[in-house]
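Have a look at the structure below, then the notes.
The values are calculated or read from the model by the stated rules, or taken from the named source; none is laboratory data. Source: prediction; values computed, not measured. Using ideal geometry, Cβ is built from the backbone for each residue, glycine included, and neighbour counts are taken over all protein chains shown. Calculation scope for accessible area: heavy atoms of the full protein, side chains included, ligands and nucleic acids excluded. Shrake-Rupley method; radii C 1.70, N 1.55, O 1.52, S 1.80 Å.
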Amino acid sequence: MNEFDELLNRFAVLAAAAPEPVGDAAPEDGGGAIPEMAPDETASTPVVAPESAQSTEEVAEPKPVALADTAVASAEDASAAGEEPGEPTEDQQLRAFQERLSERLGRSGEARQTKLGVQAGGRLWLVELSEAGEIVAVPPNFAVVPLTHSWLRGLVNLRGALHAVTDLADFLGESPSVVGRESRLLVFASRLNLNSAVLVDRMLGLQDLAGMSMISDPDGAEAGEWVDAQDRHWYELSLQQLAVDERFLVAAR
């Protein structure tokens, strides 16, 4: 396994290590205060990919040496402040690792061949990594917005900013998702200029398109469709297109 493959594998393990949601029950429909996700470093996993080469993510156990850049920066900051340099936090380590991975993806052809796999409803979806912001554990409840479509689950406070949460399966015309232990919120990338997240049933890690066959062209009316070696069908999901879709943006009934 070369160094790039090792980096890619390590990143997927970090992405899959998002914490479990509280309980297996579906979020309450009641209103109340807008729940805020704790800024715990393990509560979310930012998804990083180069903007220019729309990409994706999956991993093995991380090595501290891969995060040396952050450790050096932290030591320099502490030294400038006259403090004793300490160990970098998990959040700093993860971000440094992601920067290295992003640089590697940008220098390779792998970026265009790999996408993030998620499951919503009865379908498997492929998402460009450059369109995904982070993967967040589902909070115990949402702040419900009245007089909106059923697919708008409500609002959640992510790092001090309100985000609208859409049940992806429900929005796409399938049965609404039931929140379970593997459910996650996939947050839109900041470059899409939309504070939004989609609720998915589970994350499926990085999917290599090189091992799949295209069935339908993504430039057509329908999303691109792929089939893998296990004869599973995957459909391309563009968060960028959702961000400008009038039906997605107007949730009022």
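Figures for the structure shown
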{"quantity": "Counted residues, the stretch 192-217 - those being open to solvent by 40 Å² or more (accessible area, probe 1.4 Å), closer than 20 Å to residue 242 by Cβ and at pLDDT below 95", "calculated": "1"}
{"quantity": "Pair list, Cβ < 9 Å and 6+ apart or interchain, from the stretch 123-134 residues that are under 24 Å from residue 215 (Cβ atoms) to residues that are of a type in the set (Asp, Glu) and at pLDDT 90 or above", "calculated": "123/174; 124/228; 125/236; 126/236; 127/236; 128/236"}
{"quantity": "All positions within the stretch 111-161 that are open to solvent by 30 Å² or more (accessible area, probe 1.4 Å), modelled with pLDDT of 95 or more, over 17 Å from the mean Cα position of the chain (by Cα) and polar (S, T, N, Q)", "calculated": "150"}
{"quantity": "Residue selected from the stretch 163-191 under the condition among the hydrophobic types (A, V, I, L, M, F, W, C) and over 21 Å from residue 241 (Cα atoms), by the criterion nearest to the chain's Cα centre (by Cα)", "calculated": "179"}
{"quantity": "Hey, residue 95 open to solvent by 70 Å² or more (accessible area, probe 1.4 Å), at pLDDT below 60 and within 30 Å of residue 233 (Cα to Cα) or not", "calculated": "no"}
